[in-house]
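Here's the structure we're looking at; comments come further down.
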Amino acid sequence: MNYDSYIRQAYRDLQEPDYGFVREALDAGRYDDIRPGLTTVGFSVVDDTEPNTDVCRTLIVGKDDFQAAVKLSFAGPFAAVFRLQGTNEHLQRIISLLADRGMSVLTDDVLSQAYEISLLDLDEPPTVYNALFSTDPMPS
């Protein structure tokens, strides 16, 4: 899936980005339907979206000793999943649920690629992660 066309459509102008798509997505409750799918299979889900720095829905998903940050882009049908603690055994289940919902889960090598866009509050050169998800640093 070509993230570039989605980013350009969402921001409208890469030199002077319009962040209106974030407010529209939040007001419309975009991705609220993903939470029940995660809880049905036993995950706890906490919405940790920060509208001042995120251009995505951020969910903290947990089960037993496992915890992950799941980021769902408001710019297009893209997701990023970062293991915060525990083993990787639950990651594939989360990725499968997102794929079943039509989300393309991007890998770290794609997310860390440079991307030419003028984003607010960003001290480092922008990356695909910044354009699709947040101006906060990418979770490691």
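Numbers below:
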{"quantity": "Heavy-atom accessible surface of the stretch 1-72: percent carbon and sulfur, 1.4 Å", "calculated": "43 percent"}
{"quantity": "Accessible surface, the stretch 22-140, averaged per residue in Å² (probe 1.4 Å)", "calculated": "50 Å²"}
{"quantity": "Vicinal HN-Hα couplings computed from phi for the stretch 21-26 (Karplus, 6.51 cos²θ - 1.76 cosθ + 1.60; Hz; Gly/Pro x)", "calculated": "5, 5, 4, 4, 5, 5"}
{"quantity": "In Hz, Karplus ³J(HN,Hα) per residue of the stretch 52-58 (6.51, -1.76, 1.60; θ = phi - 60°; x = Gly, Pro)", "calculated": "7, 10, 8, 10, 7, 8, 10"}
{"quantity": "Förster radius 30 Å - calculated FRET efficiency between Asp65 and Asp33 (Cβ-Cβ, nearest 0.05)", "calculated": "0.65"}
{"quantity": "Principal-axis tilt of helix 91-100 within the chain, Cα atoms, nearest 10 degrees", "calculated": "60 degrees"}
{"quantity": "Isotropically averaged projected area of the chain, using the convex hull of Cα atoms (one quarter of hull area), nm²", "calculated": "7.9 nm²"}
{"quantity": "Nonlocal amide H pairs with Thr127, under 5 Å, H built at 1.01 Å", "calculated": "Tyr115"}
{"quantity": "Dipole in debye (nearest 20) - the chain, about Cα centre, beta carbon charges: Lys, Arg +1; Asp, Glu -1", "calculated": "520 debye"}
{"quantity": "Förster-model FRET efficiency, 22 Å R0, Glu16 and Ser140, C-beta, rounded to 0.05", "calculated": "0.10"}
{"quantity": "Amide hydrogen neighbours beyond the local backbone of Ser104, cut-off 5 Å, H modeled", "calculated": "Phe78, Ala79"}
{"quantity": "From phi via Karplus (6.51, -1.76, 1.60), per-residue ³J(HN,Hα) for the stretch 82-90 in Hz, x at Gly/Pro", "calculated": "10, 6, 9, 7, x, 8, 7, 4, 8"}
{"quantity": "Estimated distance in nm for a label pair at Gln85 and Leu26, the labels positioned 7 Å out from Cα along Cα-to-Cβ", "calculated": "2.8 nm"}
{"quantity": "Mean-position separation - Cα centroids, the stretch 13-54 and the stretch 97-140, in angstrom", "calculated": "14 Å"}
{"quantity": "Gained length - Ser5 relative to Ala114, 0.36 nm times residue gap less alpha-carbon distance", "calculated": "37.7 nm"}
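The values are calculated or read from the model by the stated rules, or taken from the named source; none is laboratory data. None of the values given here were measured: they were computed from a predicted structure. Counting neighbours? That spans all protein chains shown, and the Cβs are built from the backbone with ideal geometry, glycine included. Quick note on the areas: whole protein, heavy atoms, side chains included, nothing else; ligands and nucleic acids left out. Shrake-Rupley method; radii C 1.70, N 1.55, O 1.52, S 1.80 Å.
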